[in-house]
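A.B. asks: Okay, handing you the structure first.
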Amino acid sequence: MRFKNYSFNKKLIIGKKIKKICKDNEVKFIVNDDPWLTQKLDADGCHLGQKDMILEEAKKIIGNKIIGITCHNSIRLAKKAINAGADYLAFGAFYATKTKDTKYKSSTKIINKVKKITNIPIVAIGGINSKNYKNLLLNKADFLAISSYIWNNKKNKPKQAIELLK
């Protein structure tokens, strides 16, 4: 769940609905940036960016839940996250995206390099759609974070967009 400009209370209301949808569909519910909201919603985990709370502090708040760390395109950040105990490493943006401003460009080379140093799952982020997702999976990305292709798709409704990814 990623809502950058909403109040905590609005995120809480929406989060409760999203949590139910996730539970009904047997998928993990990960909250972006906010361990306090993660705890309040009893979400499955939290994703932390490089400017968010450090992993050790987040663990104190949410306990033994999933914590993923943004590593942009950096082996150094990946090693730091591995040493801190991250449950997954997120890299990107792999492709152009309108979801947020991208300062970092990642490539499948980074996935292959990181796979040589850890078994921690890798999440690919940024501009992923039905035409480019297979390349990331073929290059051993474990998960894909897909937002605008699903929610801002001009040709397909969200459910149809997801079906095209199967």
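Conditions (1) surrounded by fewer than 17 Cβ atoms within 10 Å (Cβ to Cβ); (2) more than 15 Å from the chain's Cα centre (by Cα); (3) not in a helix (DSSP H, G or I), marked per residue:
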| residue | (1), (2), (3) |
| --- | --- |
| A58 | no, yes, no |
| I67 | no, no, yes |
| K79 | yes, yes, no |
| N83 | yes, yes, no |
| F94 | no, no, yes |
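A.B. asks: Suppose we filter K4, K19, K80 for residues that are at pLDDT 95 or above, farther than 17 Å from A124 by Cα and not assigned by TED's automatic domain parsing to the domain that holds V123; which single one remains?
C.D. replies: None of the other options fit; the residue is K19.
A.B. asks: Does any residue in the range 114-126 that is outside the structural domain of K98 (by TED's automatic domain parsing) come within less than 9 Å, Cβ to Cβ, of a residue that is not in a loop (DSSP other than H, G, I, E, B) six or more places away or on a different chain, and which pairs are these?
C.D. replies: none
A.B. asks: Please specify each residue of the range 122-143 satisfying the condition of being in contact with a Lys or Arg (Cβ under 8 Å, 6 or more places away or on another chain) and among the charged types (D, E, K, R).
C.D. replies: Residue satisfying the conditions is K140 alone.
A.B. asks: Can we say K155 is in a loop (DSSP other than H, G, I, E, B) and either aliphatic (A, V, I, L, M) or more than 17 Å from the chain's Cα centre (by Cα) (or both)?
C.D. replies: Against the criterion (in a loop (DSSP other than H, G, I, E, B) and either aliphatic (A, V, I, L, M) or more than 17 Å from the chain's Cα centre (by Cα) (or both)), K155 qualifies.
A.B. asks: From (1) more than 27 Å from N135 (Cα to Cα); (2) touching a residue at least 24 places away in the same chain (Cβ under 8 Å); (3) among the charged types (D, E, K, R), pick out the condition that doesn't hold for K98.
C.D. replies: The single condition K98 does not satisfy is (1).
A.B. asks: Name the one entry in S106, S74, S130 that is of a type in the set (S, T, N, Q), surrounded by 15 or more Cβ atoms within 10 Å (Cβ to Cβ) and modelled with pLDDT of 95 or more.
C.D. replies: Result of the check over S106, S74, S130: S74.
A.B. asks: Can I ask one more? Residues to consider are N25, N9; find the one that is within 21 Å of Y149 (Cα to Cα) and without any contact (Cβ under 8 Å) to a residue 12 or more places away in the chain.
C.D. replies: It is N25.
A.B. asks: Could I ask something else about it? Looking at the range 59-87, which of its residues are farther than 24 Å from L41 by Cα and charged (D, E, K, R)?
C.D. replies: Result: R76, K79, K80.
A.B. asks: Can I ask one more? Can you name every residue in the range 133-152 that is assigned to a loop (DSSP other than H, G, I, E, B) and surrounded by 12 or more Cβ atoms within 10 Å (Cβ to Cβ)?
C.D. replies: Across the range 133-152, the qualifying residues are N139, K140, A141, D142, I146, S147.
A.B. asks: Among the residues of the range 111-126, what is the count of those that are assigned to a loop (DSSP other than H, G, I, E, B) and surrounded by 15 or more Cβ atoms within 10 Å (Cβ to Cβ)?
C.D. replies: Of the residues in that region, 3 qualify.
A.B. asks: What about K105, is it part of a helix (DSSP H, G or I) and basic (K, R)?
C.D. replies: Here the answer is no, as K105 does not meet what is asked.
A.B. asks: Still on this structure: Please identify the pairs in which a residue from the range 51-71 that is more than 18 Å from A93 (Cβ to Cβ) has its Cβ atom under 7 Å from the Cβ atom of a residue that is in a loop (DSSP other than H, G, I, E, B), counting only partners at least 6 apart or on another chain.
C.D. replies: L55/G85; L55/A86; K65/D44; I66/K28; I66/D44; I66/D87; I67/A86; I67/D87
The values are calculated or read from the model by the stated rules, or taken from the named source; none is laboratory data. No experiment lies behind these values; they were computed from the predicted model shown. Neighbour counts run over all protein chains shown; Cβ positions are idealised from the backbone, glycine included.
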